[in-house]
Amino acid sequence: MVRQPPSIDAETLTKQLEALGIPIIKHANPWNNLFKGKQASALPEPLVIAAPVDEHQVSSAVKVALQHGLRVGVKTGGHHYGCCWSETSSLLLDVGALKHLHLDGTTARIGPGVTAAILYDALDGTGLHFPGPHLSSVACGGFIAGGGNGFGTPLFGAGDWAMEDHAYNSKARSLTLCSHNKYTACDCLICVRIVDGRTGDILTVTLETHPDLWFAMRGAGGFFGVIVEFTIALFQVPANLPSSLAVFAISGSNPPPGGPAAGPTAIVTALEAWARRMPTLPAAIECNAVLCGGGPALDPCLVIASNAFAEANADMTAALVECKDMVPGHAPMVWDPEAVPYRKAMQAIDPTYEFPGVCCYGGVLCFSPAVLTSDVLRVVVDAYMHRTSRRSVVLFAPGFPKTDAPCAAGYRVGCVIIGTYAMWSRTDAGGLADGDQEHIAWADALIAKVCVLRGATYSWLLWVVHIFVPLSLLPSAEAAGRVSVC
């Protein structure tokens, strides 16, 4: 299908939108700086970027786009590192201003621009939790609509990769998951308000009112409309979460107090132990491991962060101690198992990813824990030790938990997620001088090596591919295909 050029120019479109009171953004400022500098031409440029402040302005903007045959992109926080929300000669709607948040018992209504920081701040001290983003600056719009994996995903569910049905009992305020529907952010949705990509009308979408749209909105919502509000289920947790955080310096870096730095072999052994133990931990415990740079010099280290989303007991405390001591004979830094304030637990890994001028290029692989043998992990650790940027990270996180029936990835024993993120700082010199190609090649090579060794069940470059669902696969395809999202 050949796309026709837009029937309106940027100046005329801007005037029409401004006449409706819709703010216009003159210069985009994506969270990721990968496309800034001398390689900025790699980023598709929309015709106009509008920043509606409420759902009615979103509706008006979409109707204007439909009048002129324009495709519509949707941006919330901008953390889709490949900026897939942008397309040449489109109308880009930045809905980051829709930051309304209303708590109502064990549910919440939130705008797509609500960041994890805003949500977690609101939930702090309430004893309630939503399995949201690992990073405080990530907006909930793209995270929920795209099926994000975040804090407590294996226990509560947080991104609808499988897209099965669930029912919400409004009187009992309880979320009932079908027996085959396991642990995936859209599972926590109760309803979604959208601007229909076919008409520009505002719809409240639930399983009962619009079953087809309900199915589509959970994981592929942005291809069918612009989400202007989520109603989400919240889950009871302690106000202070039993947690532990261990930081092990790796050989060649400054040793932690009380013990020498661990060599790469010890780190491989620790990660292998993590992969074996992770599926058998108490269901309430989430244990993440990160290879990252620590301290002012960004020396290589292994961080093991564990949170328990339930009241502490002897078994849970013992498991948290075990998570903390996964590198035998090497004393970790930071804190022993203790109950820490909810907000503190939710921001444990923010410093790893949040820094000025951040550039990031990454991909994610999904495996059975049994695949993470010493030979695979040795390749990962060796690649990390030879990373092209001290800021680059490799994240090991739990995915689907152990179940009686296969999870969406096909495993009964659960799965783990490996995220490889080349991260570096953008300078005024631009992408060529900053070594963009070298950093990108490092991430690609590591992902390829691991896939060759064991073969991931599925893998994708989460933030660097601009994806549009083939129009032939969509209902009302010609209209529905006009909208993309992150």
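In table form, for the structure just shown:
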| quantity | calculated |
| --- | --- |
| Some residue of the range 128-140 being at pLDDT 90 or above, surrounded by 24 or more Cβ atoms within 10 Å (Cβ to Cβ), among the small types (Gly, Ala, Ser) and in contact with a strand residue (DSSP E or B) (Cβ under 7 Å, 6 or more places away or on another chain) | yes |
| Evaluation of Pro300 against (1) in contact with a strand residue (DSSP E or B) (Cβ under 7 Å, 6 or more places away or on another chain); (2) in a helix (DSSP H, G or I); (3) not aliphatic (A, V, I, L, M) (one fails), failing number | (2) |
| 2 or more residues modelled with pLDDT under 95: qualifying strands (runs of 3 or more DSSP E) within the range 58-127 | 72-75, 91-94 |
| Filter result for the condition that a residue is under 18 Å from Ile232 (Cβ atoms) and not assigned by TED's automatic domain parsing to the domain that holds Val195, over Gly113, Gly77 | Gly77 |
| Residue selected from the range 128-153 under the condition among the hydroxyl-bearing types (Ser, Thr, Tyr) and assigned to a loop (DSSP other than H, G, I, E, B), by the criterion farthest from Val195 (Cα to Cα) | Ser136 |
| Which numbered condition Glu18 misses (of (1) in contact with a Gly (Cβ under 9 Å, 6 or more places away or on another chain); (2) more than 28 Å from Ser136 (Cα to Cα); (3) modelled with pLDDT of 95 or more) | (1) |
| Listing of strands (runs of 3 or more DSSP E) fully contained in the range 372-486 that carry 3 or more residues being at pLDDT 85 or above and in contact with a Cys (Cβ under 7 Å, 6 or more places away or on another chain) | 416-425 |
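Yes/no matrix, rows are residues, columns are (1) within 30 Å of Ala51 (Cβ to Cβ); (2) in contact with a Phe, Trp or Tyr (Cβ under 6 Å, 6 or more places away or on another chain); (3) among the polar types (S, T, N, Q); (4) at pLDDT below 90:
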residue: Gly222; (1), (2), (3), (4): yes, no, no, yes
residue: Glu229; (1), (2), (3), (4): yes, no, no, no
residue: Ser253; (1), (2), (3), (4): no, no, yes, yes
residue: Pro257; (1), (2), (3), (4): no, no, no, yes
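The values are calculated or read from the model by the stated rules, or taken from the named source; none is laboratory data. These numbers come from a predicted model, not from an experiment. Ideal geometry is used to build each Cβ from the backbone, glycine not excepted, and the neighbour counts take in all protein chains shown.
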